[in-house]
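The structure under discussion appears below in the form of structure tokens.
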């Protein structure tokens, strides 16, 4: 269940995502590419999703959800889904939100935003079996990874996924002949066949892509509240771990279209809509 929480201590700014590293790779030099193979990803037996208050303003509707809330997930049964509440099962698809090498510029860099060398990319497609290619900008590459996620929707709209400790087995290889890799490139492995019950989506239209995304998310939350019995805070967190923002149209200026869609298969035993 979603429960109200308060930060235990005042914070003036987000503290960033935890990461392992940096790892110095002897043969890596600027201009090279670091090949990252994800051989195994194993989440812990618990996870959490939260709407974070105060200075944590990086969620898509932070100005509309000022109250903190927390969902604790039980991942101990080893199943391929996690139970949000009765009748709602979210598929487990573990990945690392933070994967990257050091930027080429000097200075301190937060682990909150992504960079051209990786970082907090929060890309759910870079999972077990994936191969990620990162441009090396400094001697030794300085590889880091962390921010384990058991599941996440495209957009991570409330600012968190199913956050969890992660045991990862990764193979790093330096490649010398991929000059086209100037930002993260990746291969997505074949996906297992799953039950497909279709999706329900809301379309947001606006001249600004972010505002179009906000409109689409608001619409999906309204549907979850009206048709699926969620309160608004629950619907926001469920959207963050299971719904997907998709650019439907980006060329018909001055307005753009963004869809926020939710797989109906998460509603166990429910009819089509």
Quiz item: Looking only at region 30-63, which residues are without any contact (Cβ under 8 Å) to a residue 60 or more places away in the chain and in a helix (DSSP H, G or I)?
Solution: 63
Quiz item: Looking at region 225-232, is at least one residue at pLDDT 95 or above, part of a strand (DSSP E or B), surrounded by fewer than 16 Cβ atoms within 10 Å (Cβ to Cβ) and not assigned by TED's automatic domain parsing to the domain that holds residue 72?
Solution: no
Practice problem: Any chance you could count how many residues in region 82-97 are in contact (Cβ under 8 Å) with a residue 40 or more places away in the chain and part of a strand (DSSP E or B)? | Solution: 10
Quiz item: Filtering region 106-127 down to residues that are surrounded by fewer than 16 Cβ atoms within 10 Å (Cβ to Cβ) and modelled with pLDDT of 95 or more, which residue is nearest to residue 44 (Cα to Cα)?
Solution: 125
Quiz item: Of the residues 201, 216, which single one is at pLDDT 95 or above, assigned to a helix (DSSP H, G or I) and either within 21 Å of the chain's Cα centre (by Cα) or surrounded by fewer than 19 Cβ atoms within 10 Å (Cβ to Cβ) (or both)?
Solution: 216
Quiz item: On the given criteria, is residue 254 part of a loop (DSSP other than H, G, I, E, B) and closer than 30 Å to residue 26 by Cβ?
Solution: no
Quiz item: Of 79, 67, which residue is loosely packed, with under 15 Cβ neighbours inside 10 Å and touching a residue at least 24 places away in the same chain (Cβ under 8 Å)?
Solution: 67
Exercise. State yes or no: is residue 192 at pLDDT 95 or above, outside the structural domain of residue 114 (by TED's automatic domain parsing) and assigned to a loop (DSSP other than H, G, I, E, B)?
Key: no
Quiz prompt | Every residue from region 138-158 that is in contact with a helix residue (DSSP H, G or I) (Cβ under 8 Å, 6 or more places away or on another chain) and either assigned to a strand (DSSP E or B) or at pLDDT below 95 (or both) | solution = none
Quiz prompt | Matching residues in region 112-137 - criterion: being in a loop (DSSP other than H, G, I, E, B) and more than 14 Å from the chain's Cα centre (by Cα) | solution = 116, 117, 128, 129, 130, 136, 137
Quiz item: Is there a residue being in contact with a helix residue (DSSP H, G or I) (Cβ under 7 Å, 6 or more places away or on another chain), under 30 Å from residue 101 (Cα atoms) and crowded, with 20+ Cβ neighbours inside 10 Å anywhere in region 245-265?
Solution: yes
Quiz item: Does residue 177 count as surrounded by fewer than 22 Cβ atoms within 10 Å (Cβ to Cβ), at pLDDT below 95, farther than 15 Å from residue 260 by Cβ and in contact with a strand residue (DSSP E or B) (Cβ under 9 Å, 6 or more places away or on another chain)?
Solution: yes
Quiz item: Within the group 269, 229, 198, which residue is closer than 28 Å to residue 129 by Cα and out of contact with any strand residue (DSSP E or B) (no Cβ under 7 Å at 6 or more places or on another chain)?
Solution: 198
Quiz prompt | Index of the failed condition, residue 254 passing every other in (1) farther than 18 Å from residue 162 by Cα; (2) touching a strand residue (DSSP E or B) at 6+ places or on another chain (Cβ under 8 Å) | solution = (2)
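The values are calculated or read from the model by the stated rules, or taken from the named source; none is laboratory data. This one's a predicted model, so the numbers in the text were calculated from it and none came from an experiment. All Cβ positions, even for glycine, are placed from backbone atoms using ideal geometry, and neighbour counts span all protein chains on display.
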